[in-house]
Amino acid sequence: KITGTPATPGVYLVTVTVKDNDQLLATTDVIWTINPPPTLTPVNQMTAVGTLVSMAPLLSGGTAPLAWTATGLPTGLSINAGTGLITGRPVAGDVGRTMTVRLTVTDHYRLTSEVQFTWQIVPALTITTAATQTSTVGSPVNLTTNSVTGGSGAYTWAATGLPPGLTLNAATGAVTGIPTTRAVYPVVITVTDTIGSSASVTVVWTVA
């Protein structure tokens, strides 16, 4: 009978020998794996209202199967008791609030780890600009009317379908340049914030 409490995680080759009254021996090798206890790492969260959440907690160690619980989650979010995955969409009622979430995991041997972190819900990211733009071949363009509300942190801009000769500044959203080709261009302008929220608007751009 082997008893005691393992102290160091690792994989061990154990040789077991038994001897009877006639001094006859039998030997076998056993590979013994000692898993580390479960350890959760807290990571504060920030999510825009309405954004689809799929967040897997940072866990090391533990022996499956694992059981997960969480308290204090924003309204609209829930945790999968078997995988720990937190999913859902935050609701408008929690905008501007910062919730304190307590997360617990228990492994096969009833060893547990518990962490506490904050979850902040910010307004949805929106972009507004004129639905139509008109420019003239050869005339300089300097469009700076793009405006953004909601989201969090610095914004990054991108555009597809701009008329030839025009470029967009990724840091400011300003469109500048000199159009070279007459046509009607459907332009999609997108802005992304530091927490991964994004919003897009389509502008019909006529170059005369």
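The values are calculated or read from the model by the stated rules, or taken from the named source; none is laboratory data. Everything numeric here is computed off the predicted structure, so don't read it as measured data. Cβ sites come from the backbone with ideal geometry, for glycine too, and all protein chains shown count toward neighbours. Accessible surface is based on the protein model in full, side chains and every heavy atom, while ligands, DNA and RNA are left aside. Shrake-Rupley method; radii C 1.70, N 1.55, O 1.52, S 1.80 Å.
Coupling constants for segment 96-112 follow from the phi torsions by the Karplus curve (6.51 cos²θ - 1.76 cosθ + 1.60, θ = phi - 60°), and in residue order they are x, 9, 10, 8, 9, 9, 10, 10, 10, 10, 10, 9, 4, 9, 6, 7, 10 Hz; glycine and proline get x. The H on the amide N of Ala124, modeled in the peptide plane, is under 5 Å from the matching H of Val49, Gly151, each at least 5 residues off or on a different chain. Available extension along the chain between Ala56 and Val95 is 11.8 nm, counting 0.36 nm per residue and deducting the alpha carbon span.
Karplus-derived 3J(HN,Hα) values for segment 36-49, using 6.51 cos²θ - 1.76 cosθ + 1.60 with θ = phi - 60°, are x, x, x, 9, 9, 10, x, 9, 5, 10, 9, 9, 7, 4 Hz; glycine and proline are entered as x. Residue by residue, segment 3-16 carries 3J(HN,Hα) couplings of 10, x, 10, x, 10, 10, x, x, 10, 10, 9, 10, 9, 10 Hz when phi is fed to the Karplus relation 6.51 cos²θ - 1.76 cosθ + 1.60 (θ = phi - 60°); x denotes Gly or Pro. Estimated from the Cβ-Cβ distance and a Förster radius of 35 angstrom, the FRET efficiency linking Ile195 and Thr63 is about 0.55.
Per-residue SASA remark: Thr180, around 90 Å² accessible (1.4 Å probe; ligands, DNA and RNA not included).
Segment 1-55 and segment 147-208 have Cα centres spaced 54 Å apart.
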